[in-house]
1. Kindly list the number of the only condition in (1) surrounded by 14 or more Cβ atoms within 10 Å (Cβ to Cβ); (2) part of a loop (DSSP other than H, G, I, E, B); (3) touching a residue at least 40 places away in the same chain (Cβ under 8 Å) that fails for residue 89.
2. Of all residues being at pLDDT 95 or above and not in a loop (DSSP other than H, G, I, E, B) in segment 33-61, which is farthest from residue 134 (Cα to Cα)? Just the residue, please.
3. Here is a check on your reading of the model: is residue 96 out of contact with any strand residue (DSSP E or B) (no Cβ under 6 Å at 6 or more places or on another chain) and loosely packed, with under 12 Cβ neighbours inside 10 Å?
4. All but one of (1) at pLDDT 95 or above; (2) surrounded by 14 or more Cβ atoms within 10 Å (Cβ to Cβ); (3) touching a strand residue (DSSP E or B) at 6+ places or on another chain (Cβ under 8 Å) hold for residue 74; which doesn't?
5. Look at residue 18 and say whether it is modelled with pLDDT of 95 or more, touching a strand residue (DSSP E or B) at 6+ places or on another chain (Cβ under 6 Å) and part of a loop (DSSP other than H, G, I, E, B).
């Protein structure tokens, strides 16, 4: 048996410090007479360090894993619109003050947040919910169709097991 540990402290802050280059900004759904409204991003938030140049939505089916990805230049800015998603980030940068550290975040429409992931960090997610998950990404660079800034390390490969100390 393992003792249960809360992901947040008594003030609601994250218990585990984020990796250098990772930022987490909780969002708050606001109820109104017709439903709810939740801000996804605002130019005046400290977490938005560069202009939003592209917005896209990706989906992930229940139980599916999308990992490991790494961008050499692009910062991802992720927001889970629906579903329950566990996002994991690994710092494999040897010159980083957080080298070797893992972060995991549970994000959903009931626990909305904006998560930024700096370049050169392995990241991915698993839809741990019962419905298809919708994730908005607002990267700081437009996707280059001729030369994508995207490296993939299949999560279930031997290379991933030797590189990222995390098992889905």
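The values are calculated or read from the model by the stated rules, or taken from the named source; none is laboratory data. Values in this document were obtained by computation on a predicted structure and should not be read as measured data. Using ideal geometry, Cβ is built from the backbone for each residue, glycine included, and neighbour counts are taken over all protein chains shown.
1. Among (1) surrounded by 14 or more Cβ atoms within 10 Å (Cβ to Cβ); (2) part of a loop (DSSP other than H, G, I, E, B); (3) touching a residue at least 40 places away in the same chain (Cβ under 8 Å), residue 89 violates only (2).
2. 56
3. Judged against the criteria, residue 96 is not a match.
4. (3)
5. Details: modelled with pLDDT of 95 or more: no; touching a strand residue (DSSP E or B) at 6+ places or on another chain (Cβ under 6 Å): yes; part of a loop (DSSP other than H, G, I, E, B): yes.
It is false that residue 18 is modelled with pLDDT of 95 or more, touching a strand residue (DSSP E or B) at 6+ places or on another chain (Cβ under 6 Å) and part of a loop (DSSP other than H, G, I, E, B).
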